[in-house]
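Colleague: Let me give you the structure first, and then I'll get to my questions.
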Amino acid sequence: MTDITELGIAAIRDGVASGDFTAVEVAEAFNANVAAASALNAFIVETPEIAISMAKAVDDDRAAGKDLGKMAGVPIGMKDLFCTDGTQTTAASNILGGFIPQYESTVSANLWKAGAGMLGKLNLDQFAMGSSNETSAFGNVISPWRIGGGNNAPLAPGGSSGGSSTAVSARLCPAATGTDTGGSIRQPAAFTGITGIKPTYGRCSRWGVVAFASSLDQAGPMAHDVRDCAIMLESMAGFDPKDTTSLDLPVPNWQAALNSDLKGKKVGVPREYRMEGTDQDILDSWDQGIAWLKDAGAEIVDISLPHTKYALPAYYIIAPAEASSNLSRYDGVRYGMREVPEGANLQDMYAATRSAGFGAEVKRRIMIGTYVLSAGFYDAYYTQAQKVRTLISQDFKAAFQQCDVILAPTTPTASFPLNDKNKDPLSMYLNDVFAVPASMAGLPAMSVPCGLNKDGLPLGLQIIGNMLDEQSVLNAGLAIEERAGFTARPDKWW
Amino acid sequence: MSVDKETVTKIASLARIAISDDEANALVPELNNILGWVDQLGEVDVSGVEPMTAVIPNELRMREDIINADPLTGGGVRDKILANAPDAEDGFFAVPKVIE
Amino acid sequence: MTKKYTVQGATGEFEVVIGLEVHAQISSQSKLFSGSSTEFGAQPNSQVSLIDAAMPGMLPVPNMECMRQAVRTGMALGAQINKYSRFDRKNYFYADLPQGYQISQLYHPIVGEGEIEVTLDEKDPDSATKKIGVERIHVEQDAGKLMHDQHPTSSYVDLNRCGVALMEIVSKPDMTSPQEAGAYVKKLRSILRYVGSCDGNMEQGSMRADVNVSVRRPGEELGTRTETKNVNSIRFLMQVVEIEARRQVDLIEDGGEVVQETRLFDPNRMETRSMRSKEDAHDYRYFPDPDLLPVELDDAFLEECKQSLPELPDEKRERYENELGLTAYNAAVLTAESETSFWFEELLAQSVERTGKSDKDLAKQCANWLLSELFGALNKLGVTLEESPVSPSQGAELLSLVADGTISGKIAKDVFEIMLETKQGAEQIVEEKGLKQVSDTGAIEAAINDIIAANEDKVEQYRGGNERLLGFFVGQTMKAMQGKANPQIVNEILKKKLDS
Ligand SMILES: [Mg+2]
Ligand SMILES: [Zn+2]
């Protein structure tokens, strides 16, 4: 019998449905992998009993002849940014230490409704702020990948969904939820050789997801392949009246419409993405991707996104500004940590609690956000950044007059050793340079593994689609996936 | 634009984050490094450009005025509200005494 | 013309400039951004949703009714309605503000400029009127409540009010005396109650004012203003203006300077004092709330708002004067509060139905009875019009008995007394007590014959030209008839007999 933990969403679902194995067997197999992988530090909370009881419910439904959901019997990892009723949710921050939500996020509730089960809560960069998972209060996640040849330096799994990327890559779960504010699904997916898609802003409800930057945050799936991403995204997405930015549109049947034949499709290649400081391996993989899509029948067009250069600095005004306000609710009054120094008044309590509870990167971003919104600076920074954002959006709008999807690298480098960039925030920020523009415009974007670099580390290609056109993104992703034949796996060392 | 230590201290106070003198000193170059980098946005000609208000073309939906129409967004859930409180007494949240 | 209000200082007179920010709770069942109830007086934290408590990941969804009421209020003030508005966040930390920001509207309020016309002396409807500008109305969340007396070292937080919808109605600095400020709030409250957008209940905090006061020597530039927060009665409001103006004048004359600050009114000590606890270099870092898209109102929505507006006090007053022929004074008093005008109109409508007479014929009688008899009685009982033991339809029953001559106006007063005591209907009382007016000419003529026979001297004097004696004969006749004789018939017969 095959090792169940090698399987992805579609295979597990189908196996459970056809009786090849039970959902409980699946849950047990993954529980075992999770339990054996503490060295990766991918989970903040493990919930093996929940995984079993949810699996049992699926098995019971099957026995009773009930209709099974799209993800029936598939246990997943839940990024610890999604509030889960009765299970600790911390956003990887001490300030939410011990917080037990009394409610379930819409996205996780949708997944449970589709028959998925929960293996645990996945580690991440604190409040999703980071690109290497080093800002977590629960210690960083370690990528299952190693350079090899005796170099066992721990590598970054990417961030902020680093627990998700590691867990899927190391077969601790067949799929995991991620959230993407400025690349937090795509960059870790690229770093660990898995597939992840951020849908159009508004496809997935933000209700019950700990907010980082409201106008950018969007949930999405991280899984082994394009088909699994399509299935899982269908289960996560959908209109939610509790989120006014949620799109009141039916969820397309993306999986059924998957088609890697790109005849008649145009793929845009943005010249501004050929940036200095990009690894040659990355540039080569990009050229390879262009060749693959041509091979799939697509016409390649040269496009221009003139404001690309400004997306990242604009992001580092808008995201911290929104975050500085969104994180004001962590004040020690109603939940989470409270620090009351001797003789402290209310305002002292706030300052002490927030100082002790937030990590350094979170504080840094709150400080930047507070500064750019403060009197006298608001227009120069925030308004200017929102205007630049309009221009970035217009760039994409113009580009999609000429092409159906855009192909670009996901990241300028492959995974880097832990501690490499965390001393210099700016160099860390620059890792999201290719991912952030699509976030700023709210567009669907995906990372698909395309090969290994000279160190044997995975690289990802990014496909950016027009608003609401996840289908074209998935189809182009599938075309790459079929041609890349990416089967590389990290050697198990944990 | 750049910040000095006094500004850093003021921002930290506005943001209710207690910082030590050393931390303030360390934050000055860190923040200036980032602010210096974002300053390049000033190069962009934005004349006639509206600041973005909605990233996707979507209209604000409003709700009907109905009490507890959805239990997830309604009241009457005091136990849930107080469940995680560091200090709850007699149905209230308690905080260090405020003198107004 | 009333004299200009000034504050006399040792070195001369000072003018006062007043602007008001009135926070009015919007009448809605549920809160502005959550489904929890707005009902007053519930157990602590029982009317709080996960959203109101700012749990992680919670999102606001605006209540349409709150926006509708703000628009209707704006329309009632003749204000500009902004089809495009936005919610902004006002960031600050306080225990009554779980989100760490108040969702409000700074940059694009839902209602722009309008105005309110106030009568400066409400006792005198002919006194001068003044138009007070309204700068804007925006919609925002109320905060929770902090309680300081329950515990020696803790303050307690109750979030029941947190997230209740408020309209902040910001006036222009157009008022120059406590009277004007009082008249403005009174008129504003009246309009809100007519519109139904706020119950105007200041005791329960449904309406409260931030009072901006500055002083200046005549002709000089505007002085530095102070803002006295959360003043919750019209009397206090007028006192705050007086006290604060006095304080500022004294300060200036002592060589001091007024600092721009927020202050608190202490009605027990009759003073305002600086709210130092909140004086922490305010920088609210307003920015558009990224959880909410812009509010865009369409024509159909605005049309519905307009159609649903009731007749407003100024229009009503004019109609009462011009179409019903009421005095300016009566029209003003009847329309000052929506309850009074609704009561009056119900009384009038029922009277019209009972008697078949026109409203113009009955209006004066109804107005007089309501303003003197009913109000007098309510005053004595110490109850409000809403608590009146007599309903408009019962009042109409009584008045129609007078109108059709069944009882006299004098008997009506007695019947009304009995109605108040026994809660019986007027017709029943008149029937049971035999108070029906006698219009039987035979009985009246017989009584008159007796009186004329007994007072021949007075008859002589009358016929000799002392016509004032007619009153004496009427009185005697009414007395003989126990007040129940139809006075018109008594008059007719007396005149016929005496003049013959
Ligand atoms: Mg105010
Ligand atoms: Zn206000």
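The values are calculated or read from the model by the stated rules, or taken from the named source; none is laboratory data. The shown structure was predicted, so the numbers you read here are calculated from the model rather than taken from an experiment. Using ideal geometry, Cβ is built from the backbone for each residue, glycine included, and neighbour counts are taken over all protein chains shown. The area values use the complete protein model at the heavy-atom level, side chains included, leaving out ligands, DNA and RNA. Shrake-Rupley method; radii C 1.70, N 1.55, O 1.52, S 1.80 Å.
Colleague: Report the charge-dipole magnitude of the protein assembly as shown in Debye, nearest 20, computed about the Cα centre from +1 at each Lys and Arg Cβ and -1 at each Asp and Glu Cβ. Mind showing how you got there, number by number?
Modeller: On the way: 103 positive and 153 negative charges, 35 e Å.
Using only the charged Cβ atoms, the result is roughly 160 debye.
Colleague: What is the magnitude of the charge dipole of the range C:391-446 about its Cα centre, with +1 placed on the Cβ of each Lys and Arg, -1 on the Cβ of each Asp and Glu, and no other charges, expressed in debye to the nearest 20? Display every interim value, and only then the final one.
Modeller: Working: 5 positive and 10 negative charges, 31 e Å.
Charge dipole, the range C:391-446, about its Cα centre: 160 debye, nearest 20.
Colleague: In deg cm²/dmol and to the nearest 500, what is the mean residue ellipticity at 222 nm of chain C if only DSSP H runs of at least 4 residues count, each as -39500 (n - 2.57), divided by the residue total?
Modeller: On the way: 16 runs with 194 residues, N = 500.
Counting only the DSSP helices, I get -12000 deg cm²/dmol.
Colleague: Moving on. Once you place label points 7 Å from the Cα toward the Cβ at C:E318 and B:D87, how far apart are they in nm?
Modeller: 6.0
Colleague: Calculated FRET efficiency, A:K113 and A:K397, Cβ-Cβ r, R0 41 Å, to nearest 0.05? Mind dumping the intermediate values first?
Modeller: Working: r = 35 Å, r/R0 = 0.85.
The value I calculate is 0.70.
Colleague: Round to the nearest 0.05 the FRET efficiency obtained for B:W37 and A:T2 when R0 = 51 Å and r is the Cβ-Cβ distance. Before the final figure, lay out the partial values.
Modeller: Working: r = 50 Å, r/R0 = 0.98.
Calculated value: 0.50.
Colleague: Next question. With 25 Å as the limit, write out which pairs from A:K265/A:K397; C:K380/C:K410; A:K309/A:K454 have Cα-Cα distances beyond it, or answer none. Don't jump to the answer; show the numbers that get you there.
Modeller: On the way: A:K265/A:K397 17 Å; C:K380/C:K410 20 Å; A:K309/A:K454 28 Å.
The pairs that break the limit, which is 25 Å between Cα atoms, are A:K309/A:K454.
Colleague: Here's something else I'd like to know. For chain C, just run the numbers: alpha carbon Rg, then divide by 2.2 N^0.38 Å, N being how many residues it has.
Modeller: Details: Rg = 30.1 Å, N = 500, 2.2 N^0.38 = 23.3 Å.
Against the empirical 2.2 N^0.38 Å value, I get 1.29 for chain C.
Colleague: Let me ask something else about it. Taking K and R as +1 and D and E as -1, what net charge do the other residues with C-beta under 10 Å from the C-beta of B:A12 add up to? Display every interim value, and only then the final one.
Modeller: Numbers: positive: A:R354, A:K363, B:K10, B:R16; negative: B:E23.
Taking every Cβ under 10 Å from that of B:A12, the sum is +3.
Colleague: So, one more: Which value, in Å² rounded to 10, gives the accessible area of A:Y330 with a 1.4 Å probe and all protein chains present?
Modeller: That residue has around 10 Å² of solvent-accessible surface.
Colleague: Follow-up question, since we're still on this one. Show which lysines lie in cross-link reach of C:K187 when reach means a straight Cα distance below 25 angstrom and same-chain residues fewer than eight apart are skipped.
Modeller: Once the sequence-local lysines are set aside, what remains near C:K187 is C:K3, C:K4, C:K123, C:K130, C:K131, C:K172, C:K229, C:K306, C:K316, C:K364.
Colleague: Tell me the label-point distance for the pair C:K497, B:D70, using the 7 Å Cα-to-Cβ offset, in nm and rounded to one decimal.
Modeller: 8.5
Colleague: Return one whole number: the accessible area per residue of chain C in Å², for a 1.4 Å probe. Before the final figure, lay out the partial values.
Modeller: Working: 21800 Å² over 500 residues.
Using a 1.4 Å probe on heavy atoms only, each residue of chain C averages 44 Å².
Colleague: Nearest 100 Å² is fine: what is the total accessible surface buried where chains C and B meet, probe 1.4 Å?
Modeller: Values: alone 24990 and 9820 Å², together 30780 Å².
Separately minus together, C and B give about 4000 Å² buried.
Colleague: Moving on to the next point. Nearest 100 Å² is fine: what is the total accessible surface buried where chains A and C meet, probe 1.4 Å? The partial results should precede the final answer.
Modeller: On the way: alone 17910 and 24990 Å², together 40090 Å².
What A and C bury together is about 2800 Å².
Colleague: Still on this model: Computed on alpha carbon atoms, what radius of gyration and Dmax characterise the range C:299-457, expressed in Å?
Modeller: 19.9, 82
Colleague: Report C:T129's accessible area, 1.4 Å probe, all protein chains in place, as a number in Å² to the nearest 10.
Modeller: 70
Colleague: Need the list of aspartates and glutamates near C:K433 for cross-linking: C-alpha distance under 19 angstrom, and skip anything on the same chain fewer than eight residues off.
Modeller: Result set, ordered by chain and number: C:E397, C:D404, C:D414, C:E417, C:E421.
Colleague: Still on this structure, I have one more. For the range C:6-91, which GluC sites (Glu not before Pro) are both in a DSSP coil and crowded by at most 16 other Cβ atoms within 10 Å?
Modeller: Details: sites: C:E13, C:E15, C:E21, C:E39, C:E65; in loops: C:E39.
The qualifying sites are C:E39.
Colleague: Can you figure out the FRET efficiency of A:A380 with C:S391, using R₀ = 60 Å and their beta-carbon distance, to the nearest 0.05?
Modeller: Values: r = 65 Å, r/R0 = 1.08.
Using R0 = 60 Å, I get an efficiency of 0.40.
Colleague: Oh, and also: Quick one: Cα centre-to-centre distance for the range C:161-183 and the range A:103-163, in angstrom?
Modeller: Between the Cα centres of the range C:161-183 and the range A:103-163 lies a distance of 52 Å.
Colleague: Per residue and in Å³, how big is the convex hull formed by the alpha-carbon atoms of the protein assembly as shown? Please report the intermediate quantities before stating the final value.
Modeller: On the way: hull volume 247.4 nm³, N = 1094.
Per residue, the Cα convex hull of the protein assembly as shown comes to 226 Å³.
Colleague: What residues qualify as long-range amide H neighbours of A:E46, i.e. H under 5 Å apart, gap of 5 or more or another chain, H built at 1.01 Å from N?
Modeller: A:K121
Colleague: Sketch the reach of a paramagnetic label on A:A153 as a point 7 Å from Cα along Cα-to-Cβ, and name the residues of the range A:448-470 whose backbone nitrogen lies under 17 Å away.
Modeller: A:453-458
Colleague: Tell me the angle of helix C:234-253 to the major Cα principal axis of chain C, expressed in degrees between 0 and 90 and rounded to the nearest ten.
Modeller: Taking the Cα atoms of chain C, the angle to C:234-253 is about 50 degrees.
Colleague: Please give me the summed charge of the neighbours of C:E417: other residues whose Cβ is under 14 Å from its Cβ, Lys and Arg +1, Asp and Glu -1. Mind dumping the intermediate values first?
Modeller: On the way: positive: C:K380, C:K410, C:K413, C:K423, C:K433; negative: C:E373, C:D414, C:E421.
Spelling it out: positives minus negatives among the neighbours equals +2.
Colleague: Checking an interface number: how much accessible area is buried between B and A, summed over both chains, with a 1.4 Å probe, in Å² rounded to 100? Mind dumping the intermediate values first?
Modeller: On the way: alone 9820 and 17910 Å², together 22490 Å².
Result for this pair: about 5300 Å² buried.
Colleague: In nanometres, what is the gap between the two model label sites at A:L426 and A:N345, each 7 Å from Cα along Cα-to-Cβ?
Modeller: Each label point is offset 7 Å from its Cα along the Cβ direction, giving 3.9 nm.
Colleague: A:K66: accessible area at probe 1.4 Å, nearest 10 Å²?
Modeller: 120
Colleague: Between 0 and 90 degrees, rounded to the nearest ten: what's the tilt of helix C:441-454 against the longest Cα principal axis of chain C?
Modeller: The two axes meet at around 70 degrees.
Colleague: Which whole-Hz ³J(HN,Hα) couplings does the range C:91-105 yield from phi under the Karplus relation 6.51 cos²θ - 1.76 cosθ + 1.60, θ = phi - 60°, glycine and proline marked x?
Modeller: Running phi through 6.51 cos²θ - 1.76 cosθ + 1.60 with θ = phi - 60° gives 8, 6, 9, 7, 5, 8, 10, x, 5, x, 8, 9, 7, 9, 10 Hz.
Colleague: Can I ask one more? Tell me which residues come under 5 Å, amide H to amide H, from A:L468 once H is placed; ignore anything under 5 positions away on its chain.
Modeller: A:T200
Colleague: Other chains' Cβ within 10 Å of A:315-326 residues: what's the mean? Provide the component values of the computation, followed by the final result.
Modeller: Values: counts 1, 5, 4, 3, 0, 2, 3, 6, 0, 8, 11, 9.
Average per residue, whole number: 4.
Colleague: Now for a different question. Given the DSSP H assignment, sum -39500 (n - 2.57) over each helix run of at least 4 residues in chain A and divide by its residue total; what's the result at 222 nm in deg cm²/dmol, nearest 500? Each step should come with its number before you reach the end.
Modeller: Values: 15 runs with 178 residues, N = 494.
Calculated at 222 nm, the ellipticity per residue is -11000 deg cm²/dmol.
Colleague: Hey, another quick one. Report the Stokes-Einstein translational diffusion coefficient (µm² s⁻¹, integer) for the range C:167-220, Rh taken as the Kirkwood radius over Cα pairs, at 20 °C with viscosity 1.002 mPa s. Before the final figure, lay out the partial values.
Modeller: On the way: Rh = 12.6 Å.
Estimated diffusion coefficient is 170 µm²/s.
Colleague: What do you get for the angle between helix C:359-368 and the principal long axis of chain C? Use alpha-carbon atoms, 0 to 90 degrees, nearest ten.
Modeller: 80
Colleague: Just tell me how shielded A:87-100 is by partners: mean number of partner chain Cβ atoms within 10 Å of each residue's Cβ, no decimals. Don't jump to the answer; show the numbers that get you there.
Modeller: Working: counts 0, 0, 2, 1, 2, 0, 0, 0, 0, 2, 0, 2, 4, 2.
Average per residue, whole number: 1.
Colleague: For the range C:109-181, which trypsin sites (Lys or Arg not before Pro) are in a loop by DSSP, counting at most 15 other Cβ atoms within 10 Å?
Modeller: Within the range C:109-181, the qualifying trypsin sites (Lys or Arg not before Pro) (loop, at most 15 other Cβ atoms within 10 Å) are C:K123.
Colleague: Give me the net charge for the shell around A:R146: Cβ to Cβ below 14 angstrom, other residues only, Lys and Arg +1, Asp and Glu -1.
Modeller: On the way: positive: A:R489, A:K492; negative: A:D455, A:D491.
Taking every Cβ under 14 Å from that of A:R146, the sum is 0.
Colleague: Considering the zone a paramagnetic label at C:Q43 would reach in this model (a point 7 Å from Cα along the Cα-to-Cβ line), which residues of the range B:64-94 have amide N under 18 Å from it?
Modeller: It comes to B:68, B:74-85, B:88-94, nothing else.
Colleague: Within 10 Å of each Cβ in peptide C:356-368, how many partner chain Cβ atoms are there on average? Round it to a whole number, please. Display every interim value, and only then the final one.
Modeller: Working: counts 0, 0, 0, 0, 0, 0, 0, 0, 0, 0, 0, 0, 0.
Other-chain Cβ atoms within 10 Å of each residue's Cβ, averaged: 0.
Colleague: Okay, next question. Given a 10 angstrom Cα cut-off, can you work out which residue in B:E23, B:E89, B:E64 is the most mobile in a GNM of chain B?
Modeller: B:E89
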